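Participant: This is the structure, below, for whatever I ask next.
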Amino acid sequence: MIRKTLVARLLGTLLLSTLLLSLGARADMQPLDRIVAVVNDGVIMQSELDARVDDIAAQFRADNRPMPPLNVMQEQVLDRMILERVQLQMAERAGIRVDDAALNQALEGIARQNNMTLPQFSETLRGDGYDWSQFREQIRNEMVISRLQQRSVASRIRITDREVERFLQSETGKRMFQADFHLGHILVKVPGGASPDQVRSAKQKADDLVNRLRGGADFAETAVAESDGPQALEGGDLGWREAAQWPSLFADAAIDMQKGAISEPLRSGAGFHILKMIDRRGGAAKVVTQYQVRHVLIRADTLTTEAEARQEINRLHDQVASGELSFAEAAERASDDPGSAREGGELGWVTPGEMVPEFEQMMTETPVDQLSPVFQTQFGWHFLEVEDTRDTDMSDRYRDLQARQALQKRRFDEELQTWLQEQRAEAYVDIRLNEDS
């Protein structure tokens, strides 16, 4: 059955934790005209909530996991839908959009990861009971939210060379490159501006949960029932990461934890966190694959619309593909990346982690000496060619890059949770889930 495999791939591809809730409503679902939440100037309907809950229930059945009570599922799903709606409203006000070309590009990438063409992928999802048009719109929403978060959070984070140097020289930094962690997570939320009594109550609940877990309670079932974290309905499973890439609060606590261990409650601005070391293993291999790449970039600007930029990149792509222009000629004449344009589009040897995710994904998926499809990143519209690949030992430069990425990832995760909590607190939300129809 594709659903279980597909969900795992989608989460890895889009790096988004809410997608499991949103694989599309059933085509035969009858809408109910009852508002369950007002979010600023928008609403969430009972039919939308029911569709999401039905998909979660299907996942629990497919995984043979015990089903949480319906009211718990509804509250967890509605809370995520509210946060999603708040972010989509912010993105709309900021003019952040994902057009059909960029959406199709993302869907084709997902299909390739499932060893399918896009039509095959669409047909398989329909056969598995999903509404394709609603699935497309959910992917679009996830992409919009990701761009909003990058603009609002990642753009404010700056990692200095001195920070990287200190991290690599520290005992913690050295140890963190020697292990990968697979963590489970439970959050007992503390609202912004909480009173001392509210903090004490949350701490007591966290302590009680730790005692229950250490006494043999199932972690995944407890997370589903009790956690306020974003992966609660997935049993609190945060997946694998290099130790250095976890938020510092988690990494510092987990570095000495053995498989199966439960942490003490960890305090942050969001509340009290409980971790389980699901598994740990030795760090990543020391050999990495580098790519010799060249590209052409066309940007939209005050004189060029997004549609015109896309039309121009497609025209250049067709000319290179047909042999009318060489790759170097296209880059020198038209590319909006002045540094590489002067060199015929050459970027030299690229190490994974140096480029934005969309570029890196296309780079790793494009066979040597073949022209990639046109694709979009935050910088504009591109196509690329991989001229060669090579495997190299992990160098000091690569370790520096990994350290910088790890610090960026840790800082982003910490900042993101604070930012999300702030946006949720500032939004007008009226929950009517338990009101009579």
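The values are calculated or read from the model by the stated rules, or taken from the named source; none is laboratory data. Here the structure is a predicted model, which is why all the values come from computation and not from measurement. Heads up, the Cβs are rebuilt from the backbone with ideal geometry, glycines too, and the neighbour counts pull from every protein chain shown. In case anyone asks, the SASA skips ligands and DNA or RNA and just uses the protein heavy atoms, side chains included. Shrake-Rupley method; radii C 1.70, N 1.55, O 1.52, S 1.80 Å.
Participant: What list of ³J(HN,Hα) couplings, whole Hz, do you get for segment 406-415 from phi and the Karplus terms 6.51, -1.76, 1.60, once you set θ to phi - 60° and write x for glycine and proline?
Facilitator: Working through the residues one at a time gives 4, 5, 4, 5, 4, 5, 5, 4, 5, 5 Hz.
Participant: Can I ask one more? Roughly to the nearest percent, how much of the accessible area of segment 338-437 is carbon and sulfur, given a 1.4 Å probe?
Facilitator: Numbers: 2370 of 5350 Å².
Roughly 44 percent of what the probe reaches on segment 338-437 is carbon or sulfur.
Participant: Then there's this: Per residue of segment 308-320, in order, report the coupling 6.51 cos²θ - 1.76 cosθ + 1.60 (Karplus, θ = phi - 60°) as ³J(HN,Hα) in whole Hz, putting x for Gly and Pro.
Facilitator: My calculation for segment 308-320 gives 5, 4, 5, 5, 5, 5, 5, 5, 5, 4, 5, 5, 5 Hz in order.
Participant: Still on this model: If the viscosity is 1.306 mPa s and the temperature 10 °C, what translational diffusion coefficient in µm²/s does Stokes-Einstein give for segment 31-147 when Rh comes from Kirkwood over Cα pairs?
Facilitator: The estimated diffusion coefficient comes to 99 µm²/s.
Participant: Once you order the gyration tensor axes a ≥ b ≥ c over the Cα atoms, which shape class does the chain get: rounded for a/c under 1.5, otherwise prolate or oblate by comparing a/b with b/c?
Facilitator: oblate
Participant: Between segment 42-73 and segment 123-175, what is the C-alpha centre distance in whole Å?
Facilitator: Here the answer is 25 Å between Cα centres.
Participant: Tell me, what is the per residue accessible area of segment 348-437 in Å², probe radius 1.4 Å?
Facilitator: Computed with neighbouring chains in place, this is 53 Å² per residue.
Participant: Expressed as a whole percentage, what fraction of the accessible surface of segment 167-305 belongs to carbon and sulfur atoms when a 1.4 Å probe is rolled over the protein heavy atoms?
Facilitator: 48
Participant: Residues of segment 174-306: accessible area per residue at 1.4 Å, in Å²?
Facilitator: Accessible area per residue: 45 Å².
Participant: Return one number: the angle in degrees, 0 to 90 and rounded to the nearest 10, between the long axis of the Cα atoms of helix 46-62 and the longest principal axis of the Cα atoms of the chain.
Facilitator: 90
Participant: Restricting things to alpha carbons, find the Rg to Rh ratio for segment 334-392 using the Kirkwood radius for Rh.
Facilitator: Over the Cα atoms of segment 334-392, Rg/Rh equals 0.92.
Participant: Roughly what angle does helix 70-94 make with the longest principal axis of the chain, taking Cα atoms, 0 to 90 degrees, to the nearest 10?
Facilitator: Here the helix axis deviates by roughly 40 degrees.
Participant: Using Stokes-Einstein with the Kirkwood hydrodynamic radius over Cα pairs, what translational diffusion coefficient do you get for segment 61-219 at 20 °C and a viscosity of 1.002 mPa s, in µm²/s rounded to a whole number?
Facilitator: Translational diffusion coefficient: 103 µm²/s.
Participant: While we're here: Using alpha carbons only, what's the Rg to Rh ratio of segment 108-166 with Rh from Kirkwood?
Facilitator: Over the Cα atoms of segment 108-166, Rg/Rh equals 1.27.
Participant: Here's another thing I want to ask about it. Report ³J(HN,Hα) in whole Hz for each residue of segment 102-112, in order, from the Karplus equation J = 6.51 cos²θ - 1.76 cosθ + 1.60 where θ = phi - 60°; Gly and Pro get x.
Facilitator: 5, 5, 4, 4, 5, 5, 5, x, 5, 4, 4
Participant: Separation of segment 318-371 and segment 254-300 by C-alpha centroid, Å?
Facilitator: Going from one Cα centre to the other spans 30 Å.
Participant: Which value in Å is the Kirkwood Rh of segment 232-325 over different Cα pairs?
Facilitator: On the way: mean 1/r = 0.0540 Å⁻¹.
18.5 Å is the Kirkwood radius here.
Participant: As I understand it, the value is the acute angle between the Cα axis of helix 118-127 and the longest principal axis of the Cα atoms of the chain; what does it come to in degrees, rounded to 10?
Facilitator: That works out to roughly 20 degrees.
Participant: Using a probe radius of 1.4 Å on heavy atoms only, what accessible surface per residue do you get for segment 32-137? Whole Å² is fine. Intermediate results must be reported in sequence, preceding the final value.
Facilitator: Details: 4730 Å² over 106 residues.
It amounts to 45 Å² per residue over segment 32-137.
Participant: May I pose another question? Using only the Cα atoms of segment 308-435, build the gyration tensor, take square roots of its eigenvalues as a ≥ b ≥ c, and label the shape rounded, prolate or oblate: rounded if a/c is under 1.5, else prolate if a/b is larger than b/c, else oblate.
Facilitator: Working: a/c = 2.90, a/b = 1.60, b/c = 1.82.
Note, shape of segment 308-435 comes out oblate.
Participant: What does the highest-first list of 150-160, 378-388 look like by mean Cβ count within 10 Å? Walk me through the numbers on the way to the answer.
Facilitator: Working: 150-160: 13.9, 378-388: 19.3.
Packing order, densest peptide first, comes out as 378-388, 150-160.
Participant: Continuing with the same structure: Using amide H atoms built 1.01 Å from N in the peptide plane, name the residues 5+ places from residue 45, or on other chains, whose amide H lies under 5 Å from its own.
Facilitator: For residue 45, the qualifying residues are 36.
Participant: Another question, if that's okay. Students often check this: by mean Cβ neighbours within 10 Å, which of 74-83, 263-272 ranks highest, and how do the rest follow?
Facilitator: Output ranking for 74-83, 263-272: 74-83, 263-272.
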